[in-house]
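Coordinate-derived values only; no laboratory data. Keep in mind that this is a model prediction, so the values were computed, not measured. As a convention, Cβ positions derive from the backbone with ideal geometry for all residues, glycine included, and neighbour counts pool all protein chains shown.
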Amino acid sequence: MTSLTPAKDIMPPPTERSTVLGWMKKNLFGSIGDTILTFVAGGFLLWLIYAIVKWIFTTAQWAAVTDNLQLYMKGQYPASEDWRLWLLMFLLALVVGLAWGIFLKRAEAVGWVLLIIPVVLALWLISLHREAWWKFLVVDVLAILGYFLGKRYPRKLARPTYILILLYMPLTILIVRGLGENGFMKLVPTNLWGGLLLSLLLAIFGIVFSFPIGVLLALGRQSKMPALKMLSVIYIELIRGVPLITLLFMGQLMLPFFLPAGITIDRVIRATVAIIMFAAAYMAENVRGGLQSIPKGQYEAADVVGLSGWQKMVFIILPQALRAVIPVLVGQFIGLFKDTSLVALVGLLDLLGIARGILANPNYIGRQLEVFAFIAMIYWVFSYGMSYASGRLETSLGVGER
Amino acid sequence: MSNESSTKSGAVKEGEPIIKCEEVHKWYGNFHVLRGVNMNVQKGEVVVVFGPSGSGKSTFIRCINRLEEHQKGHIIVDGIELSHDVRNIAAIRKEVGMVFQQFNLFPHLTVMQNITLGPIYVRKWNKDKAEEIAMQLLERVGIPEQAQKYPGQLSGGQQQRVAIARALAMQPKIMLFDEPTSALDPEMIKEVLEVMEELAESGMTMIVVTHEMGFARAVADTMYFFDEGQIVESGSPEEVFLHPQEDRTKLFLSQILSH
C-alpha cells in the first residue's frame with residue numbers, strides 16, 4: 001500500500017483561458033474552409049449593414065413618420081386628454097412594482113422584466129411629448145416605490161394589490177373612454193382611438209379574456225359530461241376551421257343584420273370579441289396539451305387526498321399543466337398581438353390602419369418602406385419583449401425541471 | 001335512498017370487520033382481473049397481500065377506495081357500501097389513506113403544502129392547526145427539516161415518507177400501501193419500512209401490497225396470496241411461510257425467498 005499521492009504531484013487542470021484571439025482562431029479560422037466562409041459571410045454582413053445604415057440616414061425620408069408620431073401612437077385621441085394615458089401608465093407602474101415586491105421575492109429576474117413593460121410603454125408615450133421626460137421618471141419612481149412597499153409589507157398589501165390587478169382592466173376602459181359629455185374625463189368615442197394605443201388595447205383584452213375562456217374550454221373538452229364535451233369540441237373545431245379575418249368581417253358586416261333595429265354595438269367591441277373568440281379556441285387546444293402531460297398518478301393522488309373535482313383542477317392539475325405550456329402560450333400571445341393588425345382590413349385605425357391612412361396622404365406618396373419599417377420595428381419591440389419575459393419566467397419557475 | 005343509514009361513517013360495531021369484500025369481480029374488457037375475492041379486515045389488523053405481477057393484487061386494493069371500479073360483488077368500508085353514489089365514495093376516501101409505488105407527490109407544492117392540502121380543504125381545518133399536525137407527522141416519519149423543500153429536492157425514501165405523512169394527515173382509519181418500496185433503492189427501503197412498522201404497531205388498520213417478506217413476517221397479522229385474480233391461500237405469517245398448503249404458494253415462495 002502506498003500512501004496517498006502528495007498534492008504537488010497531481011497535474012493541475014489545463015488552464016483554458018478564452019481570449020478573443022483564441023476564440024476567433026478556434027471558431028472562425030479553424031480551417032481553410034472556415035476561413036473562406038468567415039470572409040464570405042462577414043463581407044455579406046458588412047455590406048448589408050452598410051446598405052441599411054446608408055438607407056436609413058441618406059435615402060430614406062422620414063417625414064411620413066416624424067410628422068405623424070402622435071397619430072401612430074394614439075390615433076386621434078385628443079391631446080387634451082393625454083394625461084389620462086399617463087395616469088394609466090403611473091397606475092401600471094405602481095401595480096407592477098407592488099406585485100414584484102410582494103409575490104416575486106425569489107424571482108428577481110421576473111421583476112426586472114415586468115418593470116420593462118411600463119418603461120417601454122412610457123417610452124411610447126414620451127414620443128408624444130418630448131418635454132414630458134419627467135413623467136417618465138415618475139413611472140420609474142412609482143415602480144420602485146411599489147417594489148419596496150411590497151417587500152416591506154407583503155402581508156398587508158397583498159389583498160389591495162390583488163384588487164388593483166383585478167380592477168386594472170375595467171379602470172383602463174373607464175379612463176380611456178371617459179364618462180360624460182363634458183367636464184372632467186369627457187367621453188372619447190372609440191372611433192378616435194387608434195394607433196398603437198388601439199393595437200395594445202385589442203391585444204391586452206384579447207389575451208386577458210381569451211385565456212380563462214380557453215382554460216374553461218379545455219376543461220370542457222376533457223369533461224365526462226357529454227353535452228359539455230360536445231359543445232366545447234364543436235366550438236373549438238368550428239373556430240379553428242375559420243380564419244380570423246372572416247370572423248372580423250362577420251362581426252363588422254353581418255352582425256348588424258342580426259341585431260334588432262336601433263341596437264348597435266361598438267365596432268371596437270365587435271372586433272375585440274372576434275379576437276377573443278378566435279384566440280380562445282387555440283388557447284383551449286394549447287391548454288389541453290398541458291393537461292395531457294400530467295401523469296395519471298397526480299389525479300389519483302388528488303382523489304385519494306379527498307379533493308373534489310374542481311379542487312383537484314385548481315390546486316393540482318392546472319398549475320402544473322399551465323406551467324408546462326408557458327412557452328406555447330406566450331407564443332400564442334405574441335401571435336395574437338400581431339394578428340390585431342388584421343382589424344385594419346375592416347376599417348379600424350390600429351397601428352397598421354393609421355399607417356395605411358397616412359400613406360394615402362398625397363404628401364407621403366411612395367414612403368411605404370419607411371412607414372412599414374417603422375411600424376414593423378414597433379411590433380418587433382413588443383413581441384420580443386414578451387418573448388424575453390417568457391424566457392425569464394420559465395427560468396424562474398423552473399419549467400422543464402421536475 | 002335505500003341505504004340512507006349506511007352513508008354515515010363510523011357505523012362499524014365492535015368485532016365487525018372494518019372492510020368487508022364479498023365476491024368482488026372486475027373485468028378489463030374481456031380480461032377477468034378479479035375473480036371473486038373475499039376478504040374481511042378487522043380494525044387494527046395488518047394485512048399483507050402478495051403474489052406474482054398481474055395477479056390483480058394492486059387492482060384489488062385500488063377497488064377499496066374506488067380508484068378502480070368493481071363490477072360485481074360488494075365492498076363495504078367502515079359501514080359504507082361502495083356504489084356509484086359520489087357521496088359514498090367521498091365519505092370512504094376521507095377514511096382511507098393511500099401510498100403509491102411512485103409516491104405521486106405534487107411536484108409544484110412544498111412538502112408542507114403537500115401534507116396540509118387535504119386537511120385544509122377537505123377536513124376544513126384552519127391553516128395553523130393543519131401545519132402543526134403536519135409538523136408532528138413529519139417528525140414521526142423522521143424528516144421535519146424538509147418541510148419547506150419541494151419533492152424534487154428529496155430522495156426517493158424521503159419522498160415516500162412524505163407521502164405516508166400526507167396520507168396520515170387526513171387521520172384515516174385505514175391505510176392502503178400499493179407496493180410502497182418497489183420504486184426505491186435498496187438502502188432507502190429500510191427507512192420506509194421502519195415508518196410502516198411503527199405505524200402497524202400503533203394500531204393502524206393496514207392493507208399492504210408488498211414483496212418485502214421480512215416486513216410481512218414481522219408485522220402482518222394475516223397474509224393473502226393472490227394468483228390469477230383469486231386468493232389462493234391465506235393465514236398468519238407462520239402458516240403461510242412454514243406450512244403453505246397450495247403448490248402454487250410453495251412455488252412462488254421458493255422463488256422469492258431463494259435469493
With 0.36 nm assigned to each residue of separation and the Cα-Cα distance removed, B:Lys149 to B:Ala90 gains 18.3 nm
Note on the protein assembly as shown, DSSP bridge orientation, antiparallel percent to nearest 5 equals 55 percent
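From the square roots a ≥ b ≥ c of the eigenvalues of the alpha-carbon gyration tensor of the range A:140-288, which class results: rounded (a/c under 1.5), prolate (a/b over b/c), or oblate?
Taking the square roots of the gyration eigenvalues as a ≥ b ≥ c, the range A:140-288 is oblate.
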Filtering chain B for DSSP H helices with an axial alpha carbon extent of at least 30 Å and a Kyte-Doolittle mean of at least -0.5 returns none
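Cα-based Rg of chain A per 2.2 N^0.38 Å, rounded to two decimals?
Cα Rg divided by the expected 2.2 N^0.38 Å: 1.23.
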At R0 = 25 Å the Cβ-Cβ FRET efficiency linking A:Leu21 and A:Ser387, nearest 0.05, sits at 0.15
Under Stokes-Einstein, chain B at 25 °C and 0.890 mPa s, with its Kirkwood radius over C-alpha pairs, diffuses with a coefficient in µm²/s of 129 µm²/s
Given backbone amide H placed at 1.01 Å from N, residues whose amide H is under 5 Å from that of B:Tyr224, ignoring those fewer than 5 places away on the same chain, are B:Val48, B:Val49, B:Phe50
B:Asp247 and A:Arg155 label points (each 7 Å along its Cα→Cβ direction) are spaced in nm at 7.2 nm
Filtered hits (lysines, Cα-Cα < 17 Å from B:Lys72, offset >= 8 within chain) -> B:Lys20, B:Lys26, B:Lys57
The answer for the net charge of residues other than A:Leu345 whose Cβ lies under 15 angstrom from its Cβ, with Lys and Arg +1 and Asp and Glu -1, is +2
In this structure, the FRET efficiency calculated for B:Ser254 and A:Ala376 from their beta-carbon separation, with R0 = 56 Å, to the nearest 0.05, is 0.15
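Kindly identify the range A:193-402 as rounded, prolate or oblate by the Cα gyration tensor criterion: order the square roots of the eigenvalues as a ≥ b ≥ c, call it rounded if a/c is under 1.5, otherwise compare a/b with b/c, prolate if a/b is larger, else oblate.
oblate
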Sites removed, the longest contiguous part of chain A containing no DSSP-loop GluC sites (Glu not before Pro) with at most 16 other Cβ within 10 Å is A:182-400
Expressed in nanometres to one decimal, the distance between label points 7 Å along Cα→Cβ at A:Ala41 and A:Met169 is 4.5 nm
Env charge @ B:Ile120, Cβ radius under 15 Å, K,R +1 / D,E -1, value +4
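How much net charge surrounds A:Gly194 when only other residues with a Cβ under 11 Å from its Cβ are counted (Lys, Arg +1; Asp, Glu -1)? Numbers along the way, then the final one.
Working: positive: A:Lys74; negative: A:Asp350.
In short, 0.
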For the range A:301-350, shape from the Cα gyration tensor axes a ≥ b ≥ c, cut at a/c of 1.5 then a/b versus b/c, turns out prolate
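When the gyration tensor of the range A:130-198 is built from Cα positions, what are the square roots of 5 times its three eigenvalues, in whole Å, from largest to smallest?
Working through the eigenvalues yields semi-axes of 29, 18, 11 Å.
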For the range B:13-116 the GluC sites (Glu not before Pro) that pass both the DSSP coil test and the at-most-15 other-Cβ-within-10 Å test are B:Glu14, B:Glu69
Taking R0 as 22 Å and r as the Cβ-Cβ distance between A:Ile263 and A:Arg177, the FRET efficiency 1/(1 + (r/R0)^6), rounded to the nearest 0.05, comes to 0.70
With DSSP loop assignment and no more than 12 other C-beta atoms within 10 Å, the chymotrypsin sites (Phe, Trp or Tyr not before Pro) in the range A:139-186 are A:Phe184
